[in-house]
1. Across region 48-78, what is the total count of residues that are touching a strand residue (DSSP E or B) at 6+ places or on another chain (Cβ under 9 Å) and under 16 Å from Ala134 (Cβ atoms)?
2. Among the residues of region 351-369, how many are outside any helix (DSSP H, G or I) and either aromatic (Phe, Trp, Tyr) or surrounded by 13 or more Cβ atoms within 10 Å (Cβ to Cβ) (or both)?
3. Looking only at region 432-456, count every residue that is buried (at least 20 other Cβ atoms within 10 Å of the Cβ) and within 18 Å of the chain's Cα centre (by Cα) and tell me the total.
4. When Phe87 is evaluated against the numbered criteria (1) crowded, with 20+ Cβ neighbours inside 10 Å; (2) in a helix (DSSP H, G or I), which criterion, by number, is the only one it fails?
5. In region 240-257, which residue that is exposed (fewer than 14 other Cβ atoms within 10 Å of the Cβ) and of a type in the set (D, E, K, R) is modelled with the lowest pLDDT?
6. May I ask you to verify whether Ala272 is in contact (Cβ under 8 Å) with a residue 24 or more places away in the chain, open to solvent by less than 30 Å² (accessible area, probe 1.4 Å) and under 21 Å from the mean Cα position of the chain (by Cα)?
7. Return a yes/no flag: does region 72-94 have any residue that is farther than 24 Å from Ile420 by Cα, modelled with pLDDT under 95 and not basic (Lys, Arg).
8. Identify all residues within region 360-407 that are within 17 Å of the chain's Cα centre (by Cα) and more than 19 Å from Phe317 (Cα to Cα); write none if there are none.
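The values are calculated or read from the model by the stated rules, or taken from the named source; none is laboratory data. These numbers come from a predicted model, not from an experiment. Every residue, glycine as well, gets a Cβ built from its backbone with ideal geometry; the counts of neighbours run over all protein chains shown. Surface areas here come from the heavy atoms of the whole protein model, side chains and all, with no ligands, DNA or RNA. Shrake-Rupley method; radii C 1.70, N 1.55, O 1.52, S 1.80 Å.
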Amino acid sequence: LFLLSQETMPQTSVVFSSILGPSCSGQVLPGMGERGSGAGSSGDLVFQEGRLISGSLEALMEHLVPTVDYYPDRTYIFTFLLSSRVFIPPHDLLARVGQICLEQRQQLETGSEKAKLKSFSAKIVQLLKEWTEAFPYDFQDEKAMAELKAITHRVTQCDEENGTVKKAIAQMTQSLLLSLAARSQLQELRDKLRSPAMDKGSVLKAKPPATQKDILGVCCDPLVLAQQLTHIELERVSSIHPEDLMQIVSHMDSRDKHRCRGDLTKTYSLEAYDNWFNCLSMLVATEVCRVVKKKHRTRMLEFFIDVARECFNIGNFNSMMAIISGMNLSPVARLKKTWSKVKTAKFDVLEHHMDPSSNFCNYRTALQGATQRSQMANSSREKIVIPVFNLFVKDIYFLHKIHTNHLPNGHVNFKKFWEISRQIHEFMTWTQVECPFEKDKKIQNYLLTAPIYSEEALFIASFESEGPENHMEKDSWKTLR
């Protein structure tokens, strides 16, 4: 696995900066207070050089809840809220947070310290605000919403003078409801649009009419096509949320008693984005194989090589990989007479960047370079980083598989979740970059709706262009006919 150091987190966007700023190290910051001095939980938390690396689930939950003298590091808030769903459903965690709050509140009430009570209440509201902003989907659950109301009702009881806590709660609730409504509308729209072809044009089993436009008839500028592909990528990837990605690791192992069934809901955004990669690969193969004349096929291959190169320069590695995958599909790769006419030097460079050896070492070096450019960027154009999504998902999955959730003493292996959270946070930062390129609806419409060949149709078109060359190909051709 290619793991960057904790210190290389990119600058965060508006939502995530409230969670992950000012520090992303997971260390206790000066002035933030250290929980445990009066909470009785420090014995169940293990720190290494000031960094929390493990703890019992109960102690980690207590570490999330503020006290009069303590507010948790915002990186910890995000990481624990993200990873806790592996062990406990969000509504149950919220109930436990409410219970801890109630216990602390009762202690403060007995001490007759109203000023401290108000300070404590304000901190609780701040924690809930950060939770509702980062993970609003947690509150789609009626149980979670009921727990939220119960906690906010308790903390408003000390707020009789000027109602500052009540105002903060009202603003938080309104923002949450707006966020849930927006996501709900988006989900309804997706469900309506969803088709067996997953947002793609029809799958053809035979050649379309010769009069039908090809990609070069719609856009003959590689840079413009790369920019439109980047538009589509950023639109699709922006609908992926941290909790969606956490589903990769939320399928529990046998040692975990709690299964977060609430997290195993629709994963449409992940499926749709993954499917887009496959559709783009098949579209590239279709565009090449459907061309009758060798000269035009050569031009089509060279065009897509240039598009992939422009995607690389932009930082759109996902589209680049999809295009290369499409050109490496057997029906395209076997067209030796066509490839012999292609100037392949540029293609060789692209394949070098995407060489799978040493766990895609070359690609990861290029990704690191794009990440550094993004961190130093002054414009949206330089901020674009769209990683190869399949590789990103595999990295998260293997990070989960090679490190256990629990240590031998029963503690949660929080060191593992720091790293998963760091990678997900970095990905989410990339998804929130605004696309700086002008949108071309005609080109995008073609990319998203152009018919694509089935696998069989690709081979038929390929054999019609360049006949079978060996016994295996001849047998395949017979079967297909």
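1. Qualifying residue count for the region: 3.
2. Of the residues in that region, 1 qualify.
3. 1
4. Going through the list (1) crowded, with 20+ Cβ neighbours inside 10 Å; (2) in a helix (DSSP H, G or I), Phe87 breaks only (2).
5. Arg255
6. Taking the combined requirement at face value, the residue satisfies it.
7. So far as region 72-94 goes, no, none of its residues is farther than 24 Å from Ile420 by Cα, modelled with pLDDT under 95 and not basic (Lys, Arg).
8. Hits for region 360-407 are Tyr397, Phe398, Leu399, His400.
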